[in-house]
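Here's the structure, in structure tokens; my notes come after.
The values are calculated or read from the model by the stated rules, or taken from the named source; none is laboratory data. All figures in this text were calculated on a predicted structure; none of them were measured in a lab. Please note: Cβ atoms are built from the backbone with ideal geometry, for glycine as well, and neighbour counts cover all protein chains shown. Areas reflect the complete protein model, heavy atoms only, side chains present, ligands, DNA and RNA absent. Shrake-Rupley method; radii C 1.70, N 1.55, O 1.52, S 1.80 Å.
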Amino acid sequence: MHTSQYLAKILKELIRTTDHIPDEEAEKLVNGILEAKKVFVAGAGRSGFMAKSFAMRMMHMGIDAYVTGETVTPNFEKDDILIIASGSGETKSLVSMAEKAKSIGGTIAALTIFPESTIGKIADIKVKLPGSPKDQSEGDYKTIQPMGSLFEQTLLLFCDAVILRFMEKKGLDTNKMYGKHANLE
């Protein structure tokens, strides 16, 4: 099969995922971001990269958004939200972060394949995203892609859709956001 044919199959898989994302949970996430004083994101591996891109877009919108573990990240407080991206919902370092943030009194949001996971049980907001875990023998969502690729791609696109919803609610457009884009390059 040619590369473009694989791309077409991947796009079909991604289109299928949209029917499985609960709008009411997505709206809770948007509202949780709107209500928060600061927004923190966390994830490991490729999910962490998707979470970082989400934080960047939120910053472009004027939201105080941070990536946990970075040297310039402020302290987490009770009026803040921690958004954790984890396919399994069981990554030990992310479980610890969720527990700590919960003990501080903040809001926890889980973007995961398994809302019944440890992180999902801690979370106040749970958005179940379709995908297959790294160990595909455990998932019921079939994909031609390796490991957690479908979840990670869905995560990136879902976060971009959350940004669009937030823009709609706040009356923002891309020109206003571009003014917050890095300009030292």
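A few notes on this one:
- Looking only at the stretch 22-38, and only at residues there that are more than 13 Å from the chain's Cα centre (by Cα) and hydrophobic (A, V, I, L, M, F, W, C), the one that is nearest to P74 (Cα to Cα): A36
- Residue list for the stretch 1-23, restricted to those being touching a residue at least 24 places away in the same chain (Cβ under 8 Å) and either in a helix (DSSP H, G or I) or open to solvent by 80 Å² or more (accessible area, probe 1.4 Å) (or both): Y6, K9, I10, E13, L14, R16, T17, H20
- Of the residues making up the stretch 1-39, those that are of a type in the set (S, T, Y) and farther than 30 Å from K170 by Cβ are T3, S4, Y6.
- In the stretch 121-133, residue modelled with the lowest pLDDT [restricted to those that are assigned to a loop (DSSP other than H, G, I, E, B) and either out of contact with any helix residue (DSSP H, G or I) (no Cβ under 9 Å at 6 or more places or on another chain) or aliphatic (A, V, I, L, M) (or both)]: L129
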